[in-house]
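The values are calculated or read from the model by the stated rules, or taken from the named source; none is laboratory data. These numbers were taken from a predicted model, which means no experiment stands behind them. Reconstructed Cβ throughout: ideal geometry from the backbone, glycine too, with neighbour counts over all protein chains shown. Side chains are part of the model used for accessible areas, which takes the heavy atoms of the whole protein and leaves out ligands, DNA and RNA. Shrake-Rupley method; radii C 1.70, N 1.55, O 1.52, S 1.80 Å.
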Amino acid sequence: MSSLAAAVRAVDPLVVTGKVAAVNGLLIEARGGLSRLAVGARAEIVRRDQTALPAEVVGFRDAKALLMPYGPVEGVAPGAEIRLTGDRAAVRPSRAWMGRIIDAFGQPIDGKGPLPTGPIPYPLRASPPPAHSRGRVGERMDLGVRALDVFATTCEGQRMGIFAGSGVGKSVLLSMLAREAACDAVVVGLIGERGREVREFIEETLGEAGVRRAVVVVATSDEPALKRRQAAYMTLSVAEALRDEGLHVLCLMDSVTRFAMAQREIGLAAGEPPTTKGYTPTVFTELPKLLERAGPGPLRPDGSPGGAITGLFTVLVDGGDHDEPIADAVRGILDGHIVMDRKIAERGRFPAIDVLKSVSRTLPGCQTPPEREIARRARQCLSAYNDMEELIRIGAYRTGADPIVDRAIALNPDLEAFLGQGPQETTRLNDSFTQLAAILDQGMIKDGVQ
């Protein structure tokens, strides 16, 4: 009875309403009830002959609140009633959500019925765990992709960026990771994805094996900026809930760039000044808040590590410029970057990962000395061939001029075959080092080195 009485006392009997004062593009100005509003508060706008339009307070101007809708503004009339529905959104995920596809509000869109409710509400815009109370990165993680396991070895709780232009194979690489990476659960966030590609990605690219252990959050490119941004928050909230159940979660988000674009739309509509390439200051404030939520979870009371979120976030580089503002900001936040090159994709090697430009910041500590030596020798050959590639192609290089280049030329076909991997092909981490060592040792035998 005491808990029930406390719940009754917590009920706010005041119903807060306002009126639509103006509609400017996607921005709705409201008057009335301002003393009860705050940035991030949720409201709904009554429309003529239509369902109520959900909206969120994004700022204030003079004596008016500024709201952005979660849907089309058609039907919103001057003086329409605005009702406050809550301060901040939360979701109650559970392990039973695995195998399901949801939208930015946590509602199922796969036609499989309602979702079970978890015991604990998780705010969509949660703060990352305090730095002093979270664990360190764990053991290295078997991703099942040879190029990554050897040259960008990733640990449990690490956060990596996948930097690439459009059409280079990011989605296929994510599907390989979702199916084959050694983890307990996968959370996939498709932020601003093309609507026609969602079912294709889920049914064909991801496949039944990938969907079975995954929660997929979808917000297509035609949806309002608030929904695209919220889908990114939803992705991390679901991952945090599974992490707190003690699971090792792989969080895949495609893409952080579209999250930044959505935040830019919101900021510009609210009156923020544009900075580099039109991105507003809040974009660079929200990026670390989002990305820092991935990583090792809080330590348990006994000091032992709990669950962890290993994050791989794609970044759509504008025109192949890896120094554009979002790519530069994300690279400085994450624990390493994986670079995908269009030239590699054009010559037919997939995944089109440029291993010479890819870096994992947990290296070299997560590799054994023999493994480090194998990776070093392979990098030496790849780098030597890359430096002399133009001369080799036009026939200007003479065999015998440099023994390292000679060896790189001899090994290049085998190394390219090693780095290439079909979407349905899987190689475990230890086997990847074994295969690469065999290639390098065979090259030494051919050179007459025993």
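Each Cα pair under 8 Å and six or more residues apart adds its separation to the average, and for the chain the resulting relative contact order is 16 percent.
For the chain, what does -39500 (n - 2.57) per DSSP helix run (n ≥ 4), summed and divided by total residues, give at 222 nm, in deg cm²/dmol to the nearest 500? It would help to have the intermediate numbers written out before the result.
On the way: 13 runs with 156 residues, N = 450.
Roughly -11000 deg cm²/dmol at 222 nm, from the helical runs in the chain.
Equivalent ellipsoid of region 352-418: semi-axes from √(5λ) of the C-alpha gyration tensor, largest first, are 26, 13, 10 Å. When +1 charges are put on Lys and Arg Cβ atoms and -1 charges on Asp and Glu Cβ atoms, the dipole computed for the chain relative to its Cα centre reaches about 1120 debye.
Normalised per residue, the accessible area of the chain is 45 Å², obtained with a 1.4 Å probe and no contribution from ligands, DNA or RNA.
Among the protein heavy atoms, those of D321 account for about 60 Å² of accessible surface (1.4 Å probe, every chain in place). The calculated FRET efficiency for the pair A22 and T275, based on their C-beta separation and a Förster distance of 35 Å, comes to about 0.85.
Using a Gaussian network model on the chain with a 10 Å cutoff between Cα atoms, which of G395, G303, G295 fluctuates the most? Among G395, G303, G295, the largest GNM mean-square fluctuation belongs to G395. Measuring with a 1.4 angstrom probe and ignoring ligands and nucleic acids, K112 comes out at about 130 Å² accessible.
Grouping the Cα pair distances of the chain into 10 Å bins from zero gives a pair-distance distribution of 4, 19, 27, 23, 14, 7, 4, 1, 0 percent in increasing distance order. Taking all protein chains as shown and a probe of 1.4 angstrom, D431 keeps an accessible surface of around 80 Å².
The calculated FRET efficiency for the pair E245 and K112, based on their C-beta separation and a Förster distance of 30 Å, comes to about 0.90. Note on region 32-104: the C-alpha convex hull projects to 6.2 nm² when averaged across all orientations. Solvent-accessible area assigned to carbon and sulfur over region 298-417 amounts to 53 percent, based on a 1.4 Å probe. With R₀ fixed at 60 Å, the C-beta to C-beta distance from L356 to T51 puts the FRET efficiency at about 0.65. Computed from phi, the 3J(HN,Hα) profile of region 201-218 under the Karplus parametrisation 6.51, -1.76, 1.60 (θ = phi - 60°) reads 5, 6, 7, 9, 5, 6, x, 4, 5, x, 5, 4, 10, 10, 10, 10, 9, 10 Hz, with x in place of Gly and Pro. Compactness ratio for region 138-279: Cα radius of gyration over 2.2 N^0.38 Å (N = residue count) comes to 1.10.
Computed over protein heavy atoms with a 1.4 Å probe, the carbon and sulfur contribution to the accessible area of region 64-215 reaches 50%.
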